[in-house]
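Student: Before we start, here is the structure in question, set down as structure tokens.
Just so it is clear, none of the values below were taken in a lab; they were calculated from the coordinates. All figures in this text were calculated on a predicted structure; none of them were measured in a lab. Using ideal geometry, Cβ is built from the backbone for each residue, glycine included, and neighbour counts are taken over all protein chains shown.
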Amino acid sequence: MQASRARLFKEYKEVQREKAVDPDIQLVCDESNIFKWTALVKGPSETPYEGGVFQLAFSVPEQYPLQPPQVRFLTKIFHPNVHFKTGEICLDILKNAWSPAWTLQSVCRAIIALMAHPEPDSPLNCDSGNLLRSGDVRGYQSMARMYTRLAAMSKKG
Amino acid sequence: MGWGHLGRHGSDSDDGTEAGPSTAATEPRRFPLAAQPEMMRAAEKDDQYASFVYEACRDAFRHLFGTRVAVAYQNETKLLGQMLYYVLTTGSGQQTLGEEYCDITQVAGTYGLPPTPARRALFIVYQTAIPYIAERISSRIASRGIVLADSESAEGFGENVHRSHGSQITGTGPLSSSGQSVTTLSRLKGRLSAFWLHFVQRWPTMLPFVRELLQLAIRANLMLFYFEGLYYHISKRAAGIRYVFIGKASNQRPRYQILGVFLLIQLCIIAAEGLRRRNFTSIAGSVHQASFASHDRSAEHYLPVLNEEGTLATPDVDKGSWVSDSSSSEHHAASGVSKCTLCLSDRQYPTATSCGHVFCWNCITEWCNEKPECPLCRTPITHSSLVCVYHSDF
Ligand SMILES: [Zn+2]
Ligand SMILES: [Zn+2]
């Protein structure tokens, strides 16, 4: 408990310092609870998510960093490894491949990498996974782009 | 009170504190006071049974709502479990399982009657809800204090996000003072909110200190218990619930006064030391980082250097590579003080894995309990292969 708090505090300071360095990720701690964080990540370029800003919700367990944080998309996203309704993310480092050397910031980077490189063989969103597995890349891209416009870009307008 | 004479181990202090002259006639009917071993055994049993209930609650939660929710509401489940146990036993006016096991029962008041429902409810609240609520409030204040402290020191980029809470909280001061005319009342209010703000900001650093005080209070209570043999829990002391022995009176039961003496000595030493140091600010500071103060003091001011560059002997920091270049840009990246990648603090008792990565002893052993692989390169490791690098100045 105390260890997780101390570590999160360190991460918090680090995030403050690194904000300018990495403009694609904006990681914010809940004002009343250091175990709740939200992140805004920019969709990676040359992907259907380009131009979108996606919100992630982090829920950090008390055993952190021995246990991974729970992360989900708050913004709707059409992606094979993200549950369309709940925003749950299928990413090995958030499950059994977790290592305490990851930080919330680096988890954000991993999620951005996942957005750029979907893994259709372990789909949480079957529609999207099937499109990719059947080789319909264009279909997948247009769907993903549409949802990016609908959900991830509307706030800007 | 009468039973002090009957129960031959009832201490003299009992008679002194509650000399009820009117009960002299009923003296033979009194049960003897419960002895310390019985109370402690009962408390231990109760803890065990309460934890059974808690585990059952947790399992039920997990089946109903999934692991995620169950983990998120762990503390609440624990509260529920304890509440259930004590409400069903003490609350309904019966012995708890532990008390039954040890043949003791609760009494209260000068006449040694069974505690009233109100008193029992009070005890249950003290025993279960108060610690939970205190922990809750403290953690909330602490995290708010951290945010506040940082929104003050954060420069540039951080402002747009955190200014909002900062101003929201500081805003209460001026608002209340301008709303009313400039009376002493409003000034007092302003000062109070300023004090509150200060308090909130200081709380994260005060927290370990307060915890220590709490520990001392618990120990002091234990010491008193060893001496007088009345209240094993602070909650029972607060609710005024004592125990009498209702079983068959048997052989002489031991008393723990000697332990009380030792505890008293320990507390005296701690108090003396506390007085000697006297310097409370330095205590709060040094508790924050128990290691080499000078390094930490400086490191805390310009936010700590994170991450993988701490592990100097890492040829294969594949996932850390992007961090190291950014952090080396600013102030003296590897300033001789090396960081542990797990707690992001200075390494304490540097410990090397067989793959050559170095962490704190505590950090890596805890992770090793979780999963026996190196956090950085995933090489399989074992507890026995960890080497604490004592004879090297890492
Ligand atoms: Zn460490
Ligand atoms: Zn390694």
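Student: Of A:Asn33, A:His79, A:Leu56, which is farthest on the positive side of the dipole of chain A, counting Cα position, with +1 on Lys and Arg Cβ, -1 on Asp and Glu Cβ, and the Cα centre as origin?
Tutor: A:Asn33
Student: How big is the charge dipole of segment A:1-91 about its Cα centre, in debye rounded to the nearest 20, if each Lys and Arg gets +1 on its Cβ and each Asp and Glu gets -1 on its Cβ? If you can, show how the numbers build up before the last one.
Tutor: On the way: 11 positive and 11 negative charges, 47 e Å.
Here segment A:1-91 has a charge dipole of around 220 debye.
Student: Count the lysine pairs in segment A:1-124 whose Cα atoms sit under 18 Å apart, keeping only pairs 8 or more residues apart in sequence or on different chains.
Tutor: Taking the Cα cut-off of 18 Å, the pair count is 6.
Student: To continue, here is another question. What is the order of A:Leu114, B:Leu113, fewest Cβ neighbours within 10 Å to most?
Tutor: B:Leu113, A:Leu114
Student: Can you give the helix-only mean residue ellipticity at 222 nm for chain A, where every DSSP H stretch with n ≥ 4 adds -39500 (n - 2.57) and the sum goes over all residues, rounded to the nearest 500 deg cm²/dmol?
Tutor: Calculated at 222 nm, the ellipticity per residue is -9500 deg cm²/dmol.
Student: Still on this model: Could you work out the relative contact order of chain A, using alpha carbon pairs under 8 angstrom and six or more residues apart, expressed as a whole percent?
Tutor: Once divided by the residue count of chain A, the mean separation gives 21 percent.
Student: Using Cβ counts within 10 Å as a stand-in for footprinting exposure, how do A:Phe78, A:Phe35, B:Phe52 rank, fewest first?
Tutor: B:Phe52, A:Phe35, A:Phe78
Student: With no solvent and one equal point scatterer per Cα, compute the Debye intensity ratio I(q)/I(0) for segment A:1-155 at 0.14, 0.18, 0.19 Å⁻¹ and report its log10, rounded to two decimals.
Tutor: For the requested q values the scattering log ratios are -0.68, -1.06, -1.16.
Student: What is the magnitude of the charge dipole of segment A:14-157 about its Cα centre, with +1 placed on the Cβ of each Lys and Arg, -1 on the Cβ of each Asp and Glu, and no other charges, expressed in debye to the nearest 20? Kindly include the intermediate steps, with their values, before the conclusion.
Tutor: Values: 15 positive and 15 negative charges, 92 e Å.
Dipole size: approximately 440 debye.
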